[in-house]
Amino acid sequence: MDAPVAPPKVEVDASHRYGSLTVHEELKFRVNANEFVCICGPSGCGKTTLLDMLAGILVPSSGHVLIDGMSANPKKQSISFVFQEPSTFPWLTVAENVATGLKIKGVPAATIRSKVADIIGIVGLTGFEDYYPHQISGGMKQRVAIARAFATEADLVLMDEPFVSLDQPTREHMQREVLDIWRRMKRTVIFVTHNLEEAVYLADRVLILSAKPARIVAELPITLQHPRDPLSAEFTEIRSKCVRWLHATH
Amino acid sequence: MAATTKDEGRRSSIATAMGAGIKIGAWNVVSLAIALAVWQLASVAVASPFFPAPMQIVDAFIQLATRGDTTGHSLWEHAWASIERVLVGFGLGVLFAVPLGLLMGLYPKLYAGTRSVIEPFRFIPPIAWIPLAIIFFSGLTRFAFLIFLGAFFPIFTSTLVGVARVEPIHRKVGIVHGAGKLWILRHVVIPTVMPDIMAGMRVGLGTAWLTIVAAELAGGISTGLGRMMTNYAELIMVSHVIVGMLLIGLIGFLMNEVLLLVERRLFRWRWQVSL
Ligand SMILES: Nc1ncnc2c1ncn2[C@@H]1O[C@H](COP(=O)(O)OP(=O)(O)OP(=O)(O)O)[C@@H](O)[C@H]1O
Ligand SMILES: [Mg+2]
């Protein structure tokens, strides 16, 4: 008899169709607890759809998406999601937006205040707490959404191209912060990006998806020590391997 | 550092807005003065007892306000009677139209399945209900019913349409954090629809005043601005009729200003747009 093993943090074995459009065909993979996984794939292959299923927003047409061995359900599991689209509430200030998840979870007001102040500092929005989204820039709005997702300290963090609207230095700063939060707080992160350098810089493992119907075509473990040097020989080698796989999907 | 400059920027933009407000106020005084002057000149030119000058309106107003009308009711009694009817009927309209609009917006099948019942009523003007209302109701109930009909549809329709504007991404934000339906209703749907509800309320208020005057003209009661105007029209006392008209315009205008004020407070997050 095998010794009972803990289920992986995430287990996906699912197919999904929107009407007659098959997006995923027996998409299968696992993610271990505390792992940082990046997902890359051609535009429109179903990455956002996959994250929606992981977040319990969408139920796959067949198969299952399990988190800690149970069907994904945001009321039971603690999940946070940085969306690809702008998602701040225009009627709330920056601070109120960041506090949204904590309020839903019924965290006491004093705790909310200090956590919100901390995380707003991390994303570099101190001084803008009382601004409404229409008074700040697109990249700042995205940082509000990132802060909101991290404020709840969820143990599964889903990020859908979170840094596209940021300039290079801010993007690098945010990447370091995400890595730091991931290491300090032991989160599991699933991170969708089109930027392979970003994927190789961040991930323990990169999954490459094919075009629709999406399957995993390649899985590249990355064991380089953090902080990684994008100019090192090993880094560029893994990166060009990813590029080749991604080109093969077209 | 960046924050202080931003704050100063915001403060100076408020100052600019206030400056603009004073300017707009001045323009309104000027246009009002021009309107009065044109009226005065026209009345001198026409020189007919049926075309009173502005001062005669003021005289009629003072007379009505201090001594009351021919039936012993003061101007304030008439005005209050109308206001009370409008407020009750309009309040009932809001009370029914908003929840029903939200419900049908959130469950489009409910609307699709009942629209053949609901929609035709929208095209029956409240005035067309006056004969039936006279038969079935009396007093405040009659007016409340008619105004309710007038206010209901603008508010209901704009609420219904507003629900369709809720961004799916905003619902997702709630769902991902484990929010239930009620949270999403309160914190996503209602804030999104609120501007539409307020716009519907302003249209509904207009319809409410339209209806009340018509209903009061139809008779059966002794107070109300519409009633007062009919009485004086029968006596061919034009100035007194005009006092009633202007008062209706003024009260409607003030109520609308109150709604706008509420709107501006409620929608600070988009106040530049709503101005
Ligand atoms: N609600 C929906 N109804 C029908 N089809 C949908 C829906 N959402 C997505 N799709 C389709 O599913 C496919 C995958 O969409 P998805 O948003 O998951 O792609 P993606 O991989 O995130 O793309 P991108 O990299 O451009 O963000 C697309 O072909 C899209 O048209
Ligand atoms: Mg996407």
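The values are calculated or read from the model by the stated rules, or taken from the named source; none is laboratory data. All values derive from a computational prediction rather than experimental measurement. Quick reminder, even Gly has a Cβ in these numbers, built from the backbone with ideal geometry, and neighbours come from all protein chains shown. We work out accessible area using only protein heavy atoms, side chains counted, and drop any ligands, DNA or RNA first. Shrake-Rupley method; radii C 1.70, N 1.55, O 1.52, S 1.80 Å.
Using the structure shown, select from A:Lys186/A:Lys212; A:Lys105/A:Lys186; A:Lys75/A:Lys141; A:Lys141/B:Lys172 the pairs with a Cα to Cα distance greater than 22 angstrom.
A:Lys186/A:Lys212; A:Lys75/A:Lys141
Using a Gaussian network model on chain A with a 10 Å cutoff between Cα atoms, which of A:Gly138, A:Gly19, A:Gly124 fluctuates the most?
In the Gaussian network model the winner is A:Gly19.
Quote the relative contact order of chain A in percent (integer), defining contacts as alpha-carbon pairs under 8 Å separated by 6+ residues.
Reported relative contact order: 26 percent.
Report the full-extension gain for the segment A:Thr111 to A:Glu237: residue separation times 0.36 nm, less the Cα-Cα distance, to one decimal in nm.
40.8 nm
Kirkwood Rh and Cα-based Rg: tell me the resulting Rg over Rh for the protein assembly as shown, rounded to two decimals. Display every interim value, and only then the final one.
Numbers: Rg = 32.1 Å, Rh = 28.1 Å.
Ratio value, two decimals: 1.14.
In terms of solvent-accessible area of protein heavy atoms at a 1.4 angstrom probe, what is the ranking of A:Ile39, B:Ile175, highest value first?
Result, largest first: B:Ile175, A:Ile39.
Residue by residue through region A:196-205, what is 3J(HN,Hα) from phi via Karplus (6.51 cos²θ - 1.76 cosθ + 1.60, θ = phi - 60°)? Round to whole Hz and write x for glycine and proline.
5, 4, 4, 4, 5, 5, 9, 8, 7, 7
Scan around A:Val82 for amide H atoms under 5 Å from its own, H built in the peptide plane at 1.01 Å from N, and keep only partners 5 or more places away or cross-chain.
A:Leu158, A:Met159, A:Asp160
Within the set of other residues whose C-beta is less than 12 Å from the C-beta of B:Phe156, count the net charge using Lys and Arg as +1 and Asp and Glu as -1.
Taking every Cβ under 12 Å from that of B:Phe156, the sum is 0.
Between region B:199-236 and region A:83-134, how many Å separate their Cα centres?
Taking the Cα centre of region A:83-134 as reference, the centre of region B:199-236 is 50 Å away.
Please state the shape class of region B:169-271: rounded when a/c is under 1.5, otherwise prolate if a/b exceeds b/c and oblate if not, all from the C-alpha gyration tensor. Working shown, then result.
Values: a/c = 6.02, a/b = 3.12, b/c = 1.93.
It is prolate, given that a/c is not under 1.5 and a/b is the larger ratio.
Quick one: 3J(HN,Hα) in Hz for region A:78-86, Karplus 6.51/-1.76/1.60 with θ = phi - 60°, rounded, Gly and Pro as x.
Coupling constants for region A:78-86: 9, 10, 10, 9, 9, 7, 6, 7, x Hz.
Please give the solvent-accessible surface of B:Ser138 in Å², to the nearest 10, using a probe radius of 1.4 Å with every protein chain present.
Only protein atoms counted, so the area is about 80 Å².
Name the most mobile residue of A:Ser20, A:Ser232, A:Ser78, meaning the one with the largest mean-square fluctuation, in a Gaussian network model of chain A with Cα contacts below 10 Å.
Taking springs between Cα atoms under 10 Å, the residue moving most is A:Ser20.
Accessible area of B:Arg122, 1.4 Å probe, to the nearest 10 Å²?
100
Counting only helical runs of four or more DSSP H residues, what would the 222 nm mean residue ellipticity of the protein assembly as shown come to if each run contributes -39,500 (n - 2.57) and the total is spread over all its residues? Could the numbers behind the result be given before it?
On the way: 19 runs with 310 residues, N = 525.
For the protein assembly as shown, the value works out to -19500 deg cm²/dmol.
Quick one: if the Förster radius is 45 Å, what FRET efficiency do B:Ile169 and B:Ser48 give, using the C-beta to C-beta distance and rounding to 0.05?
0.10
Considering only the other residues whose Cβ falls under 9 Å of the Cβ of A:His64, what net charge follows from Lys and Arg at +1 and Asp and Glu at -1?
-2
For A:Lys115, list the aspartates and glutamates whose Cα falls under 19 Å from its own Cα; do not include residues on the same chain fewer than 8 positions away.
A:Glu96, A:Glu129, A:Asp130, A:Glu153, A:Asp155, A:Glu177, A:Asp180
Classify region B:74-224 as rounded, prolate or oblate from the Cα gyration tensor: take a ≥ b ≥ c as the square roots of its eigenvalues, call it rounded if a/c is under 1.5, otherwise prolate when a/b beats b/c and oblate if not.
Prolate, because a/c is 1.5 or more and a/b exceeds b/c.
Sort B:Ser222, B:Ser239 by accessible area with a 1.4 Å probe, largest first. Spell out each step's value before the answer.
Working: B:Ser222 65, B:Ser239 20 Å².
Output order, biggest surface exposure first: B:Ser222, B:Ser239.
Averaged across the residues of A:145-151, what count of C-beta atoms belonging to other chains lies within 10 Å of each residue's C-beta?
Per residue, the number of nearby Cβ atoms from other chains is 1 on average.
Average partner chain C-beta neighbours within 10 Å, per residue of A:79-91?
5
Using θ = phi - 60° and the Karplus form 6.51 cos²θ - 1.76 cosθ + 1.60, what ³J(HN,Hα) does each residue of region B:200-208 get, whole Hz, x for Gly and Pro?
x, 5, 5, 5, x, 5, x, 4, 4
Ignoring everything but the protein chains, give the 1.4 Å probe accessible area of B:Met18 in square angstrom, nearest 10.
130
Using only Cα atoms, locate the centre of region B:22-44 and the centre of region A:199-250, then give the distance between them in Å, rounded to an integer.
Their Cα centres are 74 Å away from one another.
Which far-off residues, 5 or more places away or on another chain, put their amide H under 5 Å from the one on A:Ile39, with H placed in the peptide plane?
A:Phe191, A:Val192, A:Thr193, A:Leu207
Between rounded, prolate and oblate, where does chain B land on the alpha carbon gyration tensor, with a ≥ b ≥ c its root eigenvalues, rounded for a/c under 1.5, else prolate if a/b exceeds b/c?
Oblate.
Give the peptides B:109-120, A:212-223, A:197-208, B:248-259 in descending order of average Cβ contacts within 10 Å, highest first.
A:197-208, A:212-223, B:248-259, B:109-120
Given H placed on each backbone N at 1.01 Å, which residues far from B:Met237 in sequence or on other chains put an amide H within less than 5 Å of it?
Those lying under 5 Å, H to H, from B:Met237: there are none.
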